[in-house]
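Report on the following structure.
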Amino acid sequence: MNASFPLDPEAIRRDFPIFEREFHGRRLAYMDSAATALKPRVVVEAMNEYNTRYSANVHRGIYTIGEEATAAYEGAREKVARFINAPDPHEVVFVRNATEAVNLVAYAWGRSNIGRADAIVTTEMEHHSNLVPWQLLAQEKDADLEFVPFDASGRLIGDSYEVLLRTRPKLVAFTHKSNALGTLNDVRSMVAQAHEVGALVLVDGAQAVPHLPVDVQDIGADFYVFSGHKVLGPGGSGALWARRELLEAMPPFMSGGEMIHSVHLRHSTFADIPHKFEAGTPDVAAAIGLGAAVDYLTALDMENVAAHEERLTAYALELLPREVPGIRIHGPAEPADRAGIVTFTLPEAHAHDVATLLDREAIAIRAGHHCTQPLHERLGETATGRASFSVYSSTDDIDRLAVGLRGVQRIFGRSPAVAGA
Amino acid sequence: MDDLYRDEILEHYREPHNFGTLDAPDASYEGHNPLCGDRITIMLSVDDAGNVSDVAFSGRGCAISQASASMLTDEVRGLPLAEVEAMKNQDILDLLGIEISPARLKCALLSLDTLHHALDERDGETAAAAGGAGS
């Protein structure tokens, strides 16, 4: 491996059992980590250990394995809190994924705080999960929903943001890092600007938490959400971080067992945070798996992870235009302004056909709109191809992608005679 | 050469048959594939005998969805509507003559699904016109 890369992906791949499997006789070149990341053995083993050695419910059992389960579950919460530098583990609510976290805020905070003609500001580059919940809330409350546009290089337009802030929104919600373009938004200053006009801020960290050191105190947001499955953790895990006073003031989201303090036939009082927002038996194994995943990443050091992916991005941004004639790369040109994601289109072939042909070379990329239809409308594309990287990604993967794309071009030859309607 | 992208599929993709729009179609529908955002519109005209007298499609999509729309519109031209309505997913796969993976099935079937929706809407309108009351 090139000495300028801080991680050794070949060694790291030995920690991921999936790389023992061959596809068409080859190692998997997995470049869809922005959709979901592969799981290291330590995550699988941590979940297995819970399921085979102490698979009791949490916060109930007055017996050894119940206490072990509670300790492991709350221990995972502490690990997640440290990973994002949350000041207090009680401010970390376990959820199924970032989508559930946004819905929790839209429901519990939004329904009590957003009223008629109040403004919510979001952006045109949001994943549907940080868009549709606000649409529904705005429709229900007859509130206004406004969007910060992005420019041709895939960056949010600061002037437009300032203009929209003058509407004095109650809430601003935006992504830390675009899942479609890889754009890193300047979250600290965007949060500070929003706070100046009295807005609360929700930051969608689903793409950022897996790829760079995240410090929620430094960012200064009010709500920060992410999914565990993109952080090398299991599906069904994720977290909402919010400031204590906000969580304490918010009514429950889901209700039932686990989240109560006392229940009477006609009224109930609710548990302290975070349990107020964790109704029902949680996915204990998933939370423990997420704890193991953030331990694994912490051992690699998130500074190294970020540097590794930035270098891979730079490598791809340099190699692909040189090796793949006519390829169009979307998003910021500077590797430092984007992280771990390279989105592209070929003039000859639709992204779905590209992905199908690459699959035959054991190369996995995403093709489609990546749950960002408004962003793709803005790009003027119905579908794009997306290669996204993680700690196990290497320059070999990108070399194979370039060769694969050349193969697609050989099959598709020239552009179709009819390109559009 | 890849068997999925055999020459016939690529030729239909590059130069699709029946590509365009009709001025006064008897039925028209825009279908879309939520997976990738691709959209196609199919328009058709029906003669007095109840046969498809003209058909056209427009829109963008992958090679599989474009080739399937091109082949399907060739296939239904001149056919009685009842036969078009009776067409099954397997008929499209037979037309394409390639192995379609589950992930790409929606691409292959978008054209037939769109065509059937166009006919359903036309049936609705015809029934409303005949009965004098829409539903």
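I need the full set of residues from the stretch A:53-71 which are in contact (Cβ under 8 Å) with a residue 12 or more places away in the chain and among the aliphatic types (A, V, I, L, M), in order please.
A:Ala56, A:Val58, A:Ile65, A:Ala69
Against the conditions (1) touching a helix residue (DSSP H, G or I) at 6+ places or on another chain (Cβ under 8 Å); (2) within 13 Å of chain B (Cβ to nearest Cβ); (3) at pLDDT below 85, where does A:Gly380 fall short? Just the number, please.
The failed condition is (1).
From the list A:Val305, A:Val225, exactly one residue is in contact with a His (Cβ under 7 Å, 6 or more places away or on another chain) and outside any loop (DSSP other than H, G, I, E, B). Which is it?
One residue alone meets the criteria, A:Val305.
Just checking, does the stretch A:7-24 include any residue being within 20 Å of the chain's Cα centre (by Cα), aromatic (Phe, Trp, Tyr) and closer than 22 Å to A:Ala286 by Cβ?
Taking every residue of the stretch A:7-24 in turn, none turns out to be within 20 Å of the chain's Cα centre (by Cα), aromatic (Phe, Trp, Tyr) and closer than 22 Å to A:Ala286 by Cβ.
Take the stretch B:65-97 and flag every residue that is among the small types (Gly, Ala, Ser) and surrounded by fewer than 22 Cβ atoms within 10 Å (Cβ to Cβ).
Answer for the stretch B:65-97, where residues must be among the small types (Gly, Ala, Ser) and surrounded by fewer than 22 Cβ atoms within 10 Å (Cβ to Cβ): B:Gly78, B:Ala82, B:Ala86, B:Gly97.
Determine whether A:Ala387 is more than 10 Å from chain B (Cβ to nearest Cβ) and touching a Phe, Trp or Tyr at 6+ places or on another chain (Cβ under 6 Å).
no
Mind listing whichever residues of the stretch B:64-92 are within 14 Å of chain A (Cβ to nearest Cβ) and in contact with a strand residue (DSSP E or B) (Cβ under 9 Å, 6 or more places away or on another chain)?
Within the stretch B:64-92, B:Ser65, B:Gln66, B:Ala69, B:Ser70, B:Thr73 qualify.
Looking at this structure, is A:Ser189 surrounded by fewer than 24 Cβ atoms within 10 Å (Cβ to Cβ), closer than 25 Å to A:Leu164 by Cβ and hydroxyl-bearing (Ser, Thr, Tyr)?
For A:Ser189, the condition - surrounded by fewer than 24 Cβ atoms within 10 Å (Cβ to Cβ), closer than 25 Å to A:Leu164 by Cβ and hydroxyl-bearing (Ser, Thr, Tyr) - is met.
Within the group A:Ala34, A:Ala76, which residue is of a type outside the set (S, T, N, Q), touching a residue at least 40 places away in the same chain (Cβ under 8 Å) and closer than 30 Å to A:Ala402 by Cα?
A:Ala34
Does the stretch A:332-347 hold any residues that are within 13 Å of chain B (Cβ to nearest Cβ) and either surrounded by 24 or more Cβ atoms within 10 Å (Cβ to Cβ) or aromatic (Phe, Trp, Tyr) (or both), and which are they?
If the condition is that a residue be within 13 Å of chain B (Cβ to nearest Cβ) and either surrounded by 24 or more Cβ atoms within 10 Å (Cβ to Cβ) or aromatic (Phe, Trp, Tyr) (or both), then no residue fits.
Can you say whether A:Phe253 is more than 16 Å from A:Glu78 (Cβ to Cβ), touching a His at 6+ places or on another chain (Cβ under 6 Å) and not basic (Lys, Arg), as far as the supplied structure shows?
No, not satisfied.
Just to verify a result, which residue in the stretch B:5-58, among those that are more than 12 Å from chain A (Cβ to nearest Cβ) and touching a His at 6+ places or on another chain (Cβ under 8 Å), is nearest to A:Ala351 (Cα to Cα)?
B:Gly31
Please specify each residue of the stretch A:51-81 satisfying the condition of being acidic (Asp, Glu) and either part of a strand (DSSP E or B) or under 24 Å from A:Pro210 (Cα atoms) (or both).
Once the filter is applied, which keeps residues that are acidic (Asp, Glu) and either part of a strand (DSSP E or B) or under 24 Å from A:Pro210 (Cα atoms) (or both), the stretch A:51-81 yields A:Glu74, A:Glu78.
The values are calculated or read from the model by the stated rules, or taken from the named source; none is laboratory data. Quantities reported herein were computed from a predicted structural model and do not represent experimental measurements. Here Cβ is always computed from backbone atoms with ideal geometry, including for glycine, and neighbour counts include all displayed protein chains.
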